[in-house]
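Student: Right, I'll just put the structure down here and ask away after.
The values are calculated or read from the model by the stated rules, or taken from the named source; none is laboratory data. Remember, it's a predicted structure, so these values are computed and weren't measured experimentally. Methodologically, a virtual Cβ is constructed for each residue, glycine included, from the backbone with ideal geometry; neighbour enumeration extends over all protein chains shown.
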Amino acid sequence: MNEAFKENLIKVFNGEVSDSEEDIKKASRDTSLFTLTPSLITYPTNTDDVAALVKTAHQAKENGDAVSVTARSGGTDMSGGPLTTSVVASFTKHMNKVLEVGDTYAVTQPGVYYRDFEKETLKKGLLLPSYPASREICAMGGIVANNSGGERTLKYGKTEKYVEELEVVLSDGSVTTFKALNDAELEEKKKLNTLEGEIYKKMDELLTENENLIEERKPKVSKNSAGYALWSIKDKEAHTFNLAKLVCGSQGTLALWTKAKLGLVTPKQHRAMLVVFLTNMDILPEIVQRVLVQKPESFESYDDKTFTLAIKFLPDMLKQMGFIKAARLGIDFIPEIEMVAVGGVPKMILMAEFAEDTIEEADAKATAAREALKDLSLRVEIEKDERQAEKYWIVRRESFSLLRKNLHGLYASPFIDDFVIPPKTYPKFFPELNALLAQYKDHFIYTIAGHAGNGNFHIIPLMNIAKEENRKIVLELAPKVYNLVIKYGGTTTGEHNDGIIRTPYLALLFGKEMEELFEQTKKIFDPLDVFNPKKKVGGTFADIEKDMLRSNT
Ligand SMILES: Cc1cc2nc3c(=O)[nH]c(=O)nc-3n(C[C@H](O)[C@H](O)[C@H](O)COP(=O)(O)OP(=O)(O)OC[C@H]3O[C@@H](n4cnc5c(N)ncnc54)[C@H](O)[C@@H]3O)c2cc1C
């Protein structure tokens, strides 16, 4: 690290600035396949600190120094998004307050862990329904910057839908708030003789000149976190222009957000779950189509390998839950333990949860869905009691954590971890995918869990990445899977975002012209490349190779 940069920063920054071995080590990993060693970790206390940090980096850049700033909140990203060799702005230490919960919204800082945010919103009976499965360990910073989604996204959509306003620090260190502007307000902003004014002027031009291309290339699946969401800025019905919708999902490459106003919903109070034990994958699309008619709040799935691992590591999982809950769940899991013991594990468990104002309404929907599956000769159960449904949720939500914690010698390797395909394409897509994966059966086993209702699947290979031949597979298999996903009209990432692992595939997914628009967008917001370089724009296959972990721990 350039010592002059550190000295200049300390003069204007109120938070801690650290290059201690411990802090550097902590920030050198997320949950991706990568590791990068940052040179400096900063802990801003407020927006002024973030602005001072970015201004100092901007000045250093103008002087030709190789400095950049990468945001970090919970550090649970699966794509390498918060990793850097330069300066980290770490939000969870100080900028971790929920500032207000109104009747329909909350105002929050980025460093609030989701679990704490939810405690506050639930006091008013409100919820951010796009929370991810990592809800216990991730923070609001990444939820917004990754445009996260989760189990309730099927009904409620992703985080972008709930981002109303973002206070942001721009790449020159200036501070502004992005929110929905009407035509007159937009014209006023365009007159500003500042970076903000430039951004409004040039982004409006870019969107107007390329309207058809953007509309045509917008992913046609129900969830997407790939690329920059150029299609989300203008709301044609409301006649508004909102750059907060673009910053959402941009992985800290366009601006750092310091305060967010997020819309909330009042969740339905009663739930009934239809559980389908699937032994023949060929009928998965038919099941999904029939169940979706009843509009479940969530429609999730996990496969036989996840199921078996969960039972194998059940004592470890239950240990974290306190004696009484662990004892109860231990009993609830007895049928599953028996299934594993006698070799009767279904290929996939599907969980469709119906949420309504009364239990009778929820049950009626689950029952109608069960009726719709009657002729398929499946084992199907309805869990009316949320306590009974809990065991299924535990396995689904813990599916990735299970892999990370318990398989010494093998690394849970996210590189084909988040594609989305239209559900109607399952019958053609899955046999081709399985044939592809079968070519690598000597190198890894894998688990599949995901959001069956949305067509969003998480495939996590478990492999020994200390071996070079296995690391090579990451770059060999991913394009094959992505070509297949693209052939069937899908996207490479529904929620986990691009980061180091998927940025080089953006041209494949969107085409060269759209890639150029992403490059122009980055240039408009961040001409000196101050923010999180090589993510979204400029990342290469060589970066993937270079920064990949070389050991399984
Ligand atoms: C077990 C497990 C399950 C998961 N399940 C899901 C899931 O269901 N859905 C899902 O979407 N993801 C999931 N993820 C991935 C990840 O947890 C989420 O995307 C999460 O929202 C990231 O939040 P974070 O605070 O940990 O972000 P971080 O890892 O800290 O950062 C993520 C990205 O956001 C940027 N960023 C952080 N703070 C800011 C800021 N203030 N301003 C600008 N940029 C910022 C970072 O630079 C980085 O690019 C899962 C991960 C794990 C480990």
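Student: How many residues are among the small types (Gly, Ala, Ser) and either more than 22 Å from Thr153 (Cα to Cα) or crowded, with 22+ Cβ neighbours inside 10 Å (or both) when one looks only at the stretch 347-363?
Tutor: Total meeting the criteria: 2.
Student: Which residue out of Glu386, Glu297 is at pLDDT below 85 and in contact with a strand residue (DSSP E or B) (Cβ under 8 Å, 6 or more places away or on another chain)?
Tutor: Just one listed residue meets the conditions, Glu386.
Student: Follow-up question, since we're still on this one. Regarding Asp77, is this residue within 30 Å of Ser551 (Cα to Cα), within 14 Å of the ligand (Cβ to nearest atom), among the acidic types (Asp, Glu) and touching a residue at least 12 places away in the same chain (Cβ under 8 Å)?
Tutor: Criteria met by Asp77.
Student: Next up: Mind counting the residues in the stretch 415-473 that are part of a strand (DSSP E or B) and closer than 19 Å to Asn280 by Cα?
Tutor: Adding up the residues that qualify gives 8.
Student: Further question on the same structure: Could you please let me know if Pro504 is under 23 Å from the mean Cα position of the chain (by Cα) and assigned to a loop (DSSP other than H, G, I, E, B)?
Tutor: no
Student: Just to be sure I understand, how many residues within the stretch 59-73 are more than 30 Å from the chain's Cα centre (by Cα) and within 14 Å of the ligand (Cβ to nearest atom)?
Tutor: 0
Student: Follow-up. Report the residue count in the stretch 272-283 for those that are within 20 Å of Lys155 (Cα to Cα) and either of a type in the set (Ser, Thr, Tyr) or modelled with pLDDT under 95 (or both).
Tutor: Adding up the residues that qualify gives 0.
Student: Can you tell me which condition Ala435 does not meet? The list is (1) at positive phi; (2) surrounded by fewer than 19 Cβ atoms within 10 Å (Cβ to Cβ), and all the others hold.
Tutor: (1)
Student: Here are some residues: Lys391, Lys374, Lys405. Which one is of a type in the set (Lys, Arg), farther than 18 Å from Glu151 by Cα and modelled with pLDDT under 90?
Tutor: From the options Lys391, Lys374, Lys405, the qualifying one is Lys405.
Student: Restricting the search to the stretch 159-202, which residues are in a helix (DSSP H, G or I) and either of a type in the set (Lys, Arg) or under 25 Å from the mean Cα position of the chain (by Cα) (or both)?
Tutor: Matches in the stretch 159-202: Thr159, Glu160, Lys161, Lys189, Lys190, Lys201, Lys202.
Student: Still on this structure, please answer the following. Quick one: which residue in Thr92, Thr85, Thr56, Thr104 is modelled with pLDDT of 95 or more and either within 13 Å of the ligand (Cβ to nearest atom) or among the aliphatic types (A, V, I, L, M) (or both)?
Tutor: Matching residue, one of Thr92, Thr85, Thr56, Thr104: Thr92.
Student: Also, I was wondering about something else. I need the full set of residues from the stretch 369-392 which are of a type in the set (A, V, I, L, M, F, W, C) and either free of Cβ contacts under 8 Å to residues at least 60 places away in the same chain or exposed (fewer than 15 other Cβ atoms within 10 Å of the Cβ) (or both), in order please.
Tutor: Once the filter is applied, which keeps residues that are of a type in the set (A, V, I, L, M, F, W, C) and either free of Cβ contacts under 8 Å to residues at least 60 places away in the same chain or exposed (fewer than 15 other Cβ atoms within 10 Å of the Cβ) (or both), the stretch 369-392 yields only Leu376.
Student: Considering Phe299, Phe307, Phe354, which residue is of a type in the set (Phe, Trp, Tyr) and assigned to a helix (DSSP H, G or I)?
Tutor: Only one candidate qualifies: Phe307.
Student: Still on this structure, please answer the following. Just to be sure before I move on: is Leu40 in contact (Cβ under 8 Å) with a residue 12 or more places away in the chain, more than 12 Å from the ligand (Cβ to nearest atom), buried (at least 19 other Cβ atoms within 10 Å of the Cβ) and within 19 Å of the chain's Cα centre (by Cα) in the structure I sent?
Tutor: The answer is no for Leu40.
Student: If Thr56 satisfies all but one of (1) assigned to a helix (DSSP H, G or I); (2) within 20 Å of the chain's Cα centre (by Cα), what's the number of the condition it fails?
Tutor: (2)
The rows are residues; the columns are (1) out of contact with any Gly (no Cβ under 9 Å at 6 or more places or on another chain); (2) crowded, with 24+ Cβ neighbours inside 10 Å.
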| site | (1), (2) |
| --- | --- |
| Arg115 | yes, no |
| Leu122 | yes, no |
| Leu128 | no, yes |
| Arg135 | no, no |
| Ser148 | no, yes |
| Lys158 | no, yes |
| Val163 | no, yes |
| Glu167 | yes, no |
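Student: Would you tally the residues in the stretch 250-299 being at negative phi and away from the ligand (no atom under 16 Å from the Cβ)?
Tutor: Of the residues in the stretch 250-299, 33 are at negative phi and away from the ligand (no atom under 16 Å from the Cβ).
Student: Any residue that is in contact (Cβ under 8 Å) with a residue 60 or more places away in the chain, assigned to a loop (DSSP other than H, G, I, E, B) and near the ligand (Cβ under 7 Å from one of its atoms) - is there at least one of those in the stretch 112-127?
Tutor: No, that holds for no residue.
Student: Next question. Can you work out which of the residues in the stretch 215-247 that are among the basic types (Lys, Arg) and surrounded by 18 or more Cβ atoms within 10 Å (Cβ to Cβ) is nearest to Lys261 (Cα to Cα)?
Tutor: Out of the qualifying residues, it is Lys245.
Student: What number of residues in the stretch 317-351 are modelled with pLDDT of 85 or more and assigned to a loop (DSSP other than H, G, I, E, B)?
Tutor: Summing the residues that are modelled with pLDDT of 85 or more and assigned to a loop (DSSP other than H, G, I, E, B) in the stretch 317-351 gives 3.
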